[in-house]
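Q: One structure follows; several queries about it will come next.
The values are calculated or read from the model by the stated rules, or taken from the named source; none is laboratory data. What you are looking at is a predicted structure, and each value in this text was computed from that prediction instead of being measured. We place every Cβ from the backbone using ideal geometry, glycine too, and count neighbours over all the protein chains shown. Please note that ligands, DNA and RNA were not included when accessible areas were found on the heavy atoms of the full protein model with its side chains. Shrake-Rupley method; radii C 1.70, N 1.55, O 1.52, S 1.80 Å.
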Amino acid sequence: MSESPDIQSDPDRPGQLVATGDWRIDTVGGQGSPFGGHSGDCDALDATGVEHLDSVGALLLVQAAEQAGIAPEFIVLRDEQRPLLEAVIAAVGDREPEPDPEPAWVSFLAHIGEVTTSFGGGFKLFLGFVGLGMESLVRTLFRPRQWRITSTVHYMEQTGLNALPLVMLLSFLIGAVIAYLGATVLREFGAELFVVDLTTIAFFREMGVLVTAIILAGRTASAFTAQIGTMKAREEIDAMRTLGLDPFVLLVMPRLVALLFMLPILAAAATLAGMAGGMTVSAFSLGIGPDLFMSRIHETLELRHYLVGLVKAPLFAAVIALIGCLEGFKVTGTAQSVGERTTSAVVQSISLVIVINALAAVFFMEVGW
Amino acid sequence: MVSTPERTDAHVVKVRGLRNQFGPTVVHQGLDLDVRRGEILGVVGGSGSGKSVLMRAVLGLRPPQAGTIEVLGERIDRGVSARSRLRRRTGVLFQDGALFSSLTVRENVEVPISTHYPDMPSALRRDLARLKIRMVGLSATAGAKLPSELSGGMRKRAGLARALAVDPELLFLDEPTAGLDPIGAAAFDELLVTLRQALGLTVFLITHDLDTLYAICDRVAVIGDGRILVSGPLSEVEHFEHEWVRDYFHGPRARAANQAGRAGS
């Protein structure tokens with residue numbers, strides 16, 4: 001039944017090729033085009049001995065005939081297989097060349113150019129988005145009707161409450177590591193007690209807010225991009241516009257407001273958790289008990305330290321929310337584009353958070369706060 | 001009708017006592033359906049009557065709550081190996097083509113070939129993919145494009161090329177002409193008839209399109225009330241006594257399609 005396909009020249013009739021066997025994808029699949037070698041001097045191909053034919057078989061028959069210098073129309077075969085062969089000949093017939101893909105180095109250079117030009121444009125777009133955000137915030141502030149309280153609370157839960165355990169755990173561990181690090185260095189000077197100063201200053205001024213912002217940049221910016229991007233891809237955003245709804249007010253404002261509220265709260269929780277980490281390490285490996293730790297905090301900590309940290313929180317919240325949403329609006333419709341935009345949102349928001357934090361640190365040091 | 005089936009009595013798809021339900025909502029209850037070898041069966045029914053669910057059940061994408069489904073002589077609930085054997089012999093065109101968005105059209109068509117026939121040399125695989133792309137009426141330049149660069153009608157054709165890639169015996173089409181303009185839809189119908197004739201396909205066709213029903217379907221099955229209300233040639237189904245069937249086949253649109261179908265044939 002499933003005889004392997006073969007082409008032989010007919011010993012009785014010179015110039016005739018005879019195809020036999022089973023020309024189906026199962027039998028010819030592994031072979032490629034082994035039916036060449038009959039070039040030039042043939043003028044007919046008799047395929048009436050072919051048991052079964054499918055489109056791969058027909059394609060190979062046509063290729064073999066062409067190689068042997070026979071026009072595919074002159075392949076003789078069984079009547080029931082004729083429609084298939086004709087369909088294949090018709091499809092093979094119009095030989096439009098497939099356009100060559102451009103060479104890799106050209107597309108590489110083009111990509112560099114694109115990234116360079118889009119960098120400036122992207123920054124301008126972001127500034128415009130920030131402006132739009134501030135304008136909408138002010139505009140809706142005095143119109144309680146436009147407050148999306150339900151969805152704002154929803155995002156507060158999603159971005160704030162659900163992130164709380166993660167933020168606190170990571171801050172606790174970072175606090176412990178900082179305390180260890182300080183202890184190793186300060187022990188040489190017999191000044192272990194300053195571990196408390198180090199942990200306190202680090203967490204109240206910098207780490208509490210920074211750790212929270214980095215975690216939220218990874219966790220929340222990506223979620224915002226994917227949510228809005230999927231809506232963009234499914235034309236939901238166009239639908240909102242045609243219904244006279246402002247997607248900015250509907251989608252961006254609740255997320256922005258939720259994050260503006262939640263990031264300071266999370267940062268406060270992170271600071272406390274970090275201090276707890278430092279306290280734990282101090283108690284167990286430095287012999288500084290909690291009471292000593294607390295009284296040392298009282299001596300070191302001033303309100304300005306906490307304010308220097310806290311003042312950055314809304315800024316980070318705005319950066320994370322706006323970049324996450326903006327990248328979502330940039331999605332073009334494919335699944336791949338959602339992925340690209342999400343990556344870009346996380347990278348941009350984490351980088352921007354760290355850059356802003358560094359600039360702020362320099363500024364506050366110079367001013368002497 | 002055109003190609004002479006090898007085994008005239010053979011039912012390619014045999015569904016018995018199918019029951020599908022989502023939570024408390026029963027979609028199918030005691031549904032029986034046969035698809036005969038070599039025919040184009042049109043499946044019609046109101047929105048939400050469970051046409052797509054039936055297709056997904058027959059494809060083994062959704063295990064039914066009860067009932068047996070036999071496709072090409074294999075029970076699909078008999079484990080993974082039976083289903084994977086069937087994958088090679090069936091092709092599916094989903095509603096919007098369901099092309100893989102990160103691959104070009106030609107690469108999309110090559111996916112089933114390289115999955116089922118990994119030994120095939122890449123040159124032949126490419127030639128075969130190009131052949132299928134041109135067989136469904138797309139130009140060779142379309143092969144190098146990404147699905148997002150194609151129009152809706154072209155995406156459907158590309159999806160059909162992928163469904164036909166390894167010469168399936170049985171083809172499932174989910175509303176192939178929905179969203180096409182009438183000219184494009186008529187061309188798609190014609191293409192199906194040509195391919196059926198050339199490749200000896202059996203086609204399971206879900207449609208809302210009355211023109212398609214009158215132009216190319218050999219038999220029609222109507223889904224309603226969770227079962228097949230009636231199945232048979234259009235001339236019989238048209239006169240079946242049921243409210244929905246009567247409204248469907250004797251509404252103003254159906255009369256126009258009927259006349260066009262008669263004039264065309």
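Q: Compute the helix-to-body angle for B:79-89: its Cα long axis versus the longest principal axis of chain B, expressed 0 to 90° and rounded to tens.
A: 70
Q: Continuing with this model, one more query. Can you give the accessible area of A:Glu73 in Å² (nearest 10), computed on protein heavy atoms with a 1.4 Å probe?
A: Its heavy atoms expose roughly 110 Å² to the probe.
Q: Then there is this: Report the extension gain between A:Ser118 and A:Ala90 in nm, rounded to one decimal, defined as 0.36 nm multiplied by the number of residues separating them, less their alpha carbon distance.
A: Gain on stretching A:Ser118 to A:Ala90: 5.5 nm.
Q: Now for a separate question. Would you mind listing how long the stretch B:33-129 runs along its three principal axes, going by Cα atoms, in whole Å with the largest first?
A: 44, 30, 26
Q: Still on this structure: May I ask for the angle, rounded to the nearest 10°, between helix A:55-67 and the longest principal axis of chain A, with both axes built from Cα atoms and the value confined to 0 to 90°?
A: Tilt of helix A:55-67: around 60 degrees.
Q: Once the whole set of protein chains is in place, how much accessible area is left on A:Thr48, using a 1.4 Å probe, in Å² to the nearest 10?
A: Rounded to the nearest 10, that gives 60 Å².
Q: Here's a follow-up. For the protein assembly as shown, state what percent of all Cα-Cα pairs lands in each successive 20 Å bin, counting from 0 Å until the bin that includes the largest distance.
A: Cα pair-distance distribution for the protein assembly as shown, in percent: 15, 33, 28, 17, 6, 0.
Q: Can you say what percent of the DSSP beta bridges in chain B, counting only those with both residues inside, are antiparallel? Round to 5.
A: Antiparallel: roughly 55 percent of the beta bridges in chain B.
Q: Compute the length gained on full extension between A:Ala104 and A:Ile354: take 0.36 nm times their separation in residues and subtract their Cα-Cα distance, giving the result in nm to one decimal.
A: Residue separation times 0.36 nm, minus the Cα-Cα distance, leaves 86.5 nm.
Q: Report, as an integer, the average count of C-beta atoms from other chains found within 10 Å of each Cβ along B:144-153.
A: 1
Q: Oh, and also: Ignore the peptide's own chain and count Cβ atoms of other chains within 10 Å of each Cβ in A:20-28; give me the average, rounded.
A: That average works out to 2.
Q: Once you put a point 7 Å from the Cα of A:His298 and another 7 Å from the Cα of A:Gln8, both along the Cβ direction, what distance in nm separates them?
A: 10.7
Q: Rounded if a/c is under 1.5, else prolate if a/b beats b/c, else oblate: with a ≥ b ≥ c from the C-alpha gyration tensor eigenvalues square-rooted, which is the stretch A:234-369?
A: Since a/c reaches 1.5 and a/b is larger than b/c, the shape of the stretch A:234-369 is classed as prolate.
Q: Moving on. Along the charge dipole of chain A, Cβ charges K/R +1 and D/E -1, which of A:Ile70, A:Gly274, A:Phe248 sits furthest on the positive end?
A: A:Gly274
Q: Put +1 on the Cβ of every Lys and Arg and -1 on every Asp and Glu Cβ in chain A; which of A:Val367, A:Ala58, A:Gly208 then has its Cα farthest towards the positive end of the dipole?
A: A:Val367
Q: Also, I was wondering about something else. Working with all protein chains in place, sort B:Ser114, A:Ser222, B:Ser81 by solvent-accessible area computed with a 1.4 Å probe, largest first.
A: Largest accessible area first, the list is B:Ser81, B:Ser114, A:Ser222.
Q: Would you give the gap between the C-alpha center of the stretch B:215-265 and the C-alpha center of the stretch A:184-239, rounded to a whole Å?
A: Taking the Cα centre of the stretch A:184-239 as reference, the centre of the stretch B:215-265 is 64 Å away.
Q: By how many nm would the segment from B:Ala140 to B:Arg62 lengthen if fully extended, with 0.36 nm per residue of separation less the alpha-carbon distance?
A: 24.5 nm is the gain from fully extending B:Ala140 to B:Arg62.
Q: Further question: Whole-Hz Karplus ³J(HN,Hα) for the stretch B:247-255, in order, using 6.51 cos²θ - 1.76 cosθ + 1.60 and θ = phi - 60°, x for Gly and Pro?
A: 4, 5, 8, 10, x, x, 5, 5, 4
Q: Compute, for A:His154, the solvent-accessible surface of its heavy atoms (probe 1.4 Å) with the complete set of protein chains present, and express it in square angstrom to the nearest 10.
A: 90
Q: Shifting gears a bit: What is the dipole size for the stretch A:257-369, taken about its Cα centre, with +1 at each Lys and Arg Cβ and -1 at each Asp and Glu Cβ, in debye to the nearest 20?
A: Result for the stretch A:257-369 is approximately 200 debye, rounded to the nearest 20.
Q: State to the nearest 20 debye the size of the charge dipole of the stretch B:120-181 about its Cα centre, where the only charges are +1 on K and R beta carbons and -1 on D and E beta carbons.
A: Charge dipole, the stretch B:120-181, about its Cα centre: 320 debye, nearest 20.
Q: Residues of the stretch A:327-360 with backbone nitrogen within less than 15 Å of a virtual label 7 Å along the Cα-to-Cβ line of A:His154, please, listed as ranges.
A: none
Q: Also: Along the Cα→Cβ direction, 7 angstrom out, place labels at A:Glu80 and B:Asp96. What is the inter-label distance in nm?
A: Here the answer is 4.1 nm between the modelled labels.
Q: Could you tell me what percent of the DSSP beta bridges with both partners in the protein assembly as shown are antiparallel, to the nearest 5?
A: Bridges in the protein assembly as shown are about 50 percent antiparallel.
Q: Further, regarding this structure: Listed highest first by mean packing, meaning other Cβ atoms within 10 Å per residue, what order do A:175-183, A:116-124 come in?
A: Peptide ranking by packing, descending: A:175-183, A:116-124.
Q: So how do B:Trp244, A:Trp23 rank on accessible area, 1.4 Å probe, biggest first, that is with the largest at the start?
A: Ranking B:Trp244, A:Trp23 by accessible area, largest first, yields B:Trp244, A:Trp23.
Q: Give me the dipole magnitude in Debye, nearest 20, for chain B about the Cα centre, with unit charges on the beta carbon: positive for Lys and Arg, negative for Asp and Glu.
A: With Lys and Arg at +1 and Asp and Glu at -1, about 780 debye.
Q: Now for a different question. What is the average number of partner chain Cβ atoms found within 10 Å of a Cβ in A:325-334?
A: Across the residues of A:325-334, the mean count of other-chain Cβ atoms within 10 Å is 1.
Q: How far is it, in nm, from the label point at A:Ala239 to the one at B:Glu243 when both lie 7 Å from their Cα along the line to the Cβ?
A: 3.0
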